[in-house]
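Reviewing the structure listed below.
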Amino acid sequence: MKNLNRRDFFKTTAFGVALATLGAKSAKASDKMLSEDRIGVLVDTAVCVGCRHCEWACKVAHNIPTTDLDTYSDNTVFKEYRRPEQTALTVVNEFENEKNSLLPIQVKTQCMHCERPACVSACIVGALTKEEDGSIIWNDDKCIGCRYCMVACQFQIPTYDYDRSIDPHIRKCDFCHDRRKEGQLPACVNICPNEALLFGKRSEVLRVAKNRIKRKSDVYVNHIYGEQEVGGTSWIYIASKNFDKLKMPTLVKNPAPGISESIQHGIFAYFIPPVTLYALLRTIMWVSTRHKDKNSENLSDIHKDEKGEES
Amino acid sequence: MIASPVKQKYITPGVMILIILALNGLAFLAVRFISGLGAVTNLDNTTPWGLWIGVDVAAGVALAAGGFTSAALVHVMQREHYHAIVRPALLTAMLGYTFVAFAVCVDIGRFYFIWHPLIMWNGNSALFEVGICVMIYLTVLYIEFLPVVIERFMFRVNLPGLLKILNKPLDGILRILNRGLPKTMFVFIIFGVVLSTLHQSSLGTLMVIAGQKMHPLWQTPILPLLFLLSAIAVGFPMIIFESLIASRSFKMKPEMKILSSLGSMVAPILAIYLAFKVGDLFIRNAFQYVLVFDTAAWMFIAELALIIIAFLLFLSKKTVDSPLRLFVASTLVIAGVLLNRINNFIIAYNPFYNPKMYIPSFGEISVTIGCIALLVLIYRAVVIIFPVISQENVKARN
């Protein structure tokens, strides 16, 4: 390592430049355009009666074992607050209605299909993808089970198979990607007897939501949950009660991956920062080596002088 | 000063205890691989990451920072004075990162797909960056260690039994490496420093995406900078800590000349880290959360207090000159950075739906301790076989 010279220095710089071009190529691949016609669902919690048919239909559509539909009329499950899990990609919870105690408020929970999804940004291998139509789906062939999507998701939606050692799955609502490919509605929307779930273009259901709030301002609070939360979501909610009282997190308007991605792309902007650092370190090394060699030459000169005096 | 294999017996009472701890950890590991993560850990859908990511991976990477800080000091800045610390620090980094990779394998659900990030890229993901950098850096560390292997075994490859036929080819490989490596090693060394800078900071970026799920005491856009600075700050204390333990364990005189001058560089680095850490707290107006004095606040205070006390100790010349004081001060820095990683990955992670607080299970703790024990055991074996530790001042006691 001691005979470093100018040629080595340029060799290393060339190596860095090669890396930089590689980086420029890989940086562009990720951004997929969202369609103007991307889909959405309006959940009108004031219309939902808590029949839980959506829970049953979801399981059937996703080949999750389930009991008969009749058993879902059992209201005792509402005693405990439930979250989506491996065996239930959507769940309905019940909340008290202060305005009318006979009409409790039911809230369906499932993946919100964010406009700027944190899970997709976080996934180490790109196993989660945001499709052009707005849905977010999980790719079984890529996932390594690191659970970073679960860390990233602001709605705490992805669930993991903690009881399996081989082939554990990340599971969440996939907006019935397979059913829709065959021209069918999402299973939950399809079965909902009360039309509490309204499926359509996101822009369209958003317009309906605004109209309903305007028309019945005595019923609804003036907030469309999901219109702006973490940059907006495909599933949006309206309710007669503040959303923080319905156990929905109060979130900022900025997309969750925003800061993280800016940092990430800042550090790696076309590989310029790392290559600069490399070049800088190489220069320091070069200068330090020369400096040291000079010093030791000087030292040996002194030795010679001393010897000269002696002789 | 020339490094040589340590002349000591491998087995001691302490080593026996380490073996038991390692076996205990391995037993729980077996259960994890047979029955899944749920069987051993307290992880669930609300707490997807726990002790293994917080300590084995995040703290492990930080505490292996001695590798790149010493490489920067000795090879890049050419401070030959510190030459004796390079190999032990390199060995720690090499073993440390090996165990980080192992811990990742243990923690990810589909461990058999660990290679996926190599071909499936997501440039937006901080985890992808960490993963790739750690993989490459680990390779670089093994390359950096090759000269030690060459020094020990070139012309001396002597495998027993049937493996004998490999003696000649292996020796040939070592000789070829010996011709090529010295001229190219500087590339790997600088590359190693760059890779470390990148992934040490990206480890901090990891939790940024958790957004509001992170406690405001820790959630900051400068997390990557804080992670990098604290990693640099813990590098030298970790080298000092290990060197003092090694010299005690192998009954050698501590290399105080080197360790003291290393120690005198710690205070300024800690000062920079503290300035950013505390400054960030006030700029973000997050100091109010300290005054709440809840669990999170106390953990934050503890983490900061450890670093501040260590900083004050390192300021004094008395600390730097005494092996005992130096050891205590270094331990405080290590504890502070360890606690910082635990705080960032476990305590600060406080999601909206959080029915019960995550406390690591006995199995998780066993695996973590078992891994550390195994690491120490391998370290001991390597320094007995390979010329890693410089023994100018060997003082045989018997």
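Structure summary
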{"read-out": "For residues of B:110-116, the mean tally of beta carbons on other chains within 10 Å", "value": "6"}
{"read-out": "Sites B:LYS9 and B:GLN288 - FRET efficiency at Förster radius 56 Å, r taken between beta-carbons, to 0.05", "value": "0.45"}
{"read-out": "Cβ-Cβ FRET estimate between A:ILE272 and A:ARG180, R0 fixed at 41 Å, reported to 0.05", "value": "0.45"}
{"read-out": "For B:THR205, B:THR41, A:THR76, order by how many other beta-carbon atoms lie within 10 Å, fewest first", "value": "A:THR76, B:THR41, B:THR205"}
{"read-out": "Charge dipole of the range B:13-385 about the Cα centre (unit charges at C-beta), most positive-ward option of B:SER201, B:LEU306, B:MET77", "value": "B:MET77"}
{"read-out": "Charge tally in the Cβ shell below 12 Å around A:THR250, where Lys, Arg are +1 and Asp, Glu are -1, A:THR250 excluded", "value": "+1"}
{"read-out": "DSSP bridge pairs, the protein assembly as shown: antiparallel proportion in percent, nearest 5", "value": "85 percent"}
{"read-out": "Span per principal axis, largest first, for the Cα atoms of the range A:77-127 (Å)", "value": "48, 24, 10"}
{"read-out": "Straight-distance crosslink candidates among aspartates and glutamates, where the alpha carbon sits under 12 Å from A:LYS108 and sequence neighbours closer than 8 are dropped", "value": "A:ASP44, A:GLU55, A:GLU94"}
{"read-out": "Relative compactness, the protein assembly as shown, computed as alpha-carbon Rg over 2.2 N^0.38 Å", "value": "1.10"}
{"read-out": "Phi-based couplings in Hz for the range A:221-234 (Karplus 6.51, -1.76, 1.60; Gly and Pro marked x)", "value": "7, 7, 7, 9, 6, x, 5, 10, 3, 5, x, x, 9, 6"}
{"read-out": "For the range B:46-61, 3J(HN,Hα) per residue [Karplus equation, 6.51 cos²θ - 1.76 cosθ + 1.60, θ = phi - 60°, Hz, x = Gly/Pro]", "value": "7, 10, x, 10, x, 4, 5, 6, x, 9, 4, 8, 5, 5, x, 5"}
{"read-out": "For A:GLU55, A:GLU204, order by how many other beta-carbon atoms lie within 10 Å, fewest first", "value": "A:GLU204, A:GLU55"}
{"read-out": "Exposure proxy order (Cβ contacts within 10 Å, fewest to most) of B:LEU163, A:LEU251, A:LEU277", "value": "B:LEU163, A:LEU277, A:LEU251"}
{"read-out": "Subset of A:LYS59/A:LYS79; B:LYS183/B:LYS257; B:LYS9/B:LYS168; A:LYS79/A:LYS201; B:LYS7/B:LYS253 violating a 25 Å alpha-carbon distance limit", "value": "B:LYS183/B:LYS257; B:LYS9/B:LYS168; A:LYS79/A:LYS201"}
{"read-out": "Bins of 5 Å, starting at 0 and running to the largest distance - Cα pair percent for the range A:39-263", "value": "1, 7, 14, 19, 21, 17, 12, 6, 2, 1, 0"}
{"read-out": "Label-to-label distance, nm, for residues given as B:LEU324 and A:THR87 (7 Å Cα→Cβ offset)", "value": "6.1 nm"}
{"read-out": "Helix runs (DSSP H) in chain B reaching 24 Å along axis by Cα, Kyte-Doolittle at least 0.0", "value": "B:13-35, B:83-107, B:126-153, B:167-205, B:223-249, B:266-283, B:295-315, B:323-342, B:362-385"}
{"read-out": "Separation in nanometres of the label points that stand 7 Å from Cα toward Cβ, at B:MET16 and B:SER249", "value": "1.8 nm"}
{"read-out": "FRET efficiency for B:TRP298 and B:VAL278, using Cβ-Cβ distance with R0 set to 25 Å, rounded to 0.05", "value": "0.90"}
{"read-out": "Descending semi-axes in whole angstrom, ellipsoid equivalent of the range B:13-385, from the Cα gyration tensor", "value": "34, 27, 20"}
{"read-out": "Mean projection area, nm², convex hull over Cα of the range B:278-383", "value": "10.0 nm²"}
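Each value in this text was obtained by applying a stated rule to the coordinates, not by laboratory testing. Because the structure is a prediction, the values reported are computed rather than measured. Cβ sites come from the backbone with ideal geometry, for glycine too, and all protein chains shown count toward neighbours.
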